[in-house]
């Protein structure tokens with residue numbers, strides 16, 4: 001009996017100690033995160049702007065944590081393949097989705113029955129970057145300014161076409177139609193590079209693309225860059241005017257990249273990742289890296305990202321409705 005009472009007393013004491021240590025134990029656990037490699041899942045192939053961001057932030061995150069960061073490219077299916085892979089993985093903070101405006105906003109506007117909800121299925125961590133779209137036309141096009149191009153397109157309604165290799169770029173074309181009161185025809189391509197090549201060959205009349213993807217073709221005379229859809233000129237193409245400077249006030253369109261985790265990820269791990277990603281975004285070398293490739297870093301934690309993402313979803317839903325774009 002005495003032995004039994006001693007054992008019972010020890011068990012009760014241990015229970016009280018565990019209860020007392022509970023909150024601290026939780027903090028200790030969170031402070032140990034991450035303790036193994038982290039996966040960055042990207043919905044596009046290597047070399048894309050999203051992939052470039054994932055690799056840059058992955059390198060910096062590895063330096064900060066001492067843990068390896070592996071970038072996994074899961075292209076195809078309008079980003080559904082990558083999203084499904086992330087949402088079916090353990091929600092433990094070790095799988096991060098590096099998404100874009102297409103997967104985190106535009107798809108919500110374009111698809112009737114989207115197999116995921118870009119807002120409720122994920123918890124935001126941080127914005128990473130944005131890159132202004134550049135309007136390009138064939139090198140031998142009869143116009144050399146945005147104003148002349150718009151006049152040309154207005155004189156030939158439904159006869160001018162534009163190429164787009166993603167949902168995001170497609171809606172940029174529709175945004176131009178809405179802003180400039182144009183009627184042009186969308187031609188789909190499998191990727192942004194294919195759309196740009198189609199413009200250079202004269203297969204389509206124009207397209208929107210990232211600055212870096214058109215710079216060399218423009219230098220070679222195969223493309224003309226008429227305007228950059230940004231609030232200011234970009235260092236990588238300083239001779240290209242903004243849309244406002246070129247005669248279309250207020251026209252802005254960006255591709256952007258952000259980091260999210262599945263919504264079921266524990267709050268402590270989500271907060272730690274958000275802190276780390278935000279820290280990287282505010283590093284001087286991050287600003288320098290993006291300036292070199294014609295983009296800019298976007299700072300802001302989960303709250304700022306949530307507000308921005310909602311505004312983007314609302315914008316593209318409006319454009320889809322006004323342009324009469326048939327939902328897929």
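The values are calculated or read from the model by the stated rules, or taken from the named source; none is laboratory data. Nothing here was measured: the structure is a model prediction, and the numbers come from that model. Glycine also receives a Cβ, built like all others from the backbone with ideal geometry; neighbour counts cover every protein chain displayed.
Observations, loosely collected:
- Hits in the range 70-87 - residues which are surrounded by fewer than 22 Cβ atoms within 10 Å (Cβ to Cβ) and not in a loop (DSSP other than H, G, I, E, B): 70, 71, 72, 73, 77, 78, 80, 81, 84, 85, 87
- Just one residue in the set 306, 258 is out of contact with any helix residue (DSSP H, G or I) (no Cβ under 7 Å at 6 or more places or on another chain) and in contact (Cβ under 8 Å) with a residue 40 or more places away in the chain; that residue is 306.
- Taking the range 37-52 as the range and being modelled with pLDDT under 95, crowded, with 16+ Cβ neighbours inside 10 Å and in contact with a strand residue (DSSP E or B) (Cβ under 8 Å, 6 or more places away or on another chain) as the test, the residues that pass are 43, 44, 48, 49, 50, 51.
- Restricting the range 280-295 to residues that are at pLDDT 90 or above and surrounded by fewer than 19 Cβ atoms within 10 Å (Cβ to Cβ), the residue that is nearest to residue 121 (Cα to Cα): 282
- Residues of the range 171-187 satisfying the condition of being in contact (Cβ under 8 Å) with a residue 60 or more places away in the chain and either in the same structural domain as residue 75 (by TED's automatic domain parsing) or in contact with a strand residue (DSSP E or B) (Cβ under 7 Å, 6 or more places away or on another chain) (or both): 172
- If only residues of the range 88-112 that are assigned to a loop (DSSP other than H, G, I, E, B) and closer than 30 Å to residue 252 by Cβ are counted, the one that is modelled with the lowest pLDDT is 112.
- Filter result for residue 55 (in the same structural domain as residue 260 (by TED's automatic domain parsing) and either buried (at least 23 other Cβ atoms within 10 Å of the Cβ) or part of a strand (DSSP E or B) (or both)): no
- Scope the range 103-117; condition in contact (Cβ under 8 Å) with a residue 12 or more places away in the chain and surrounded by fewer than 24 Cβ atoms within 10 Å (Cβ to Cβ); matching residues: 108, 109, 110, 111, 112, 115, 116
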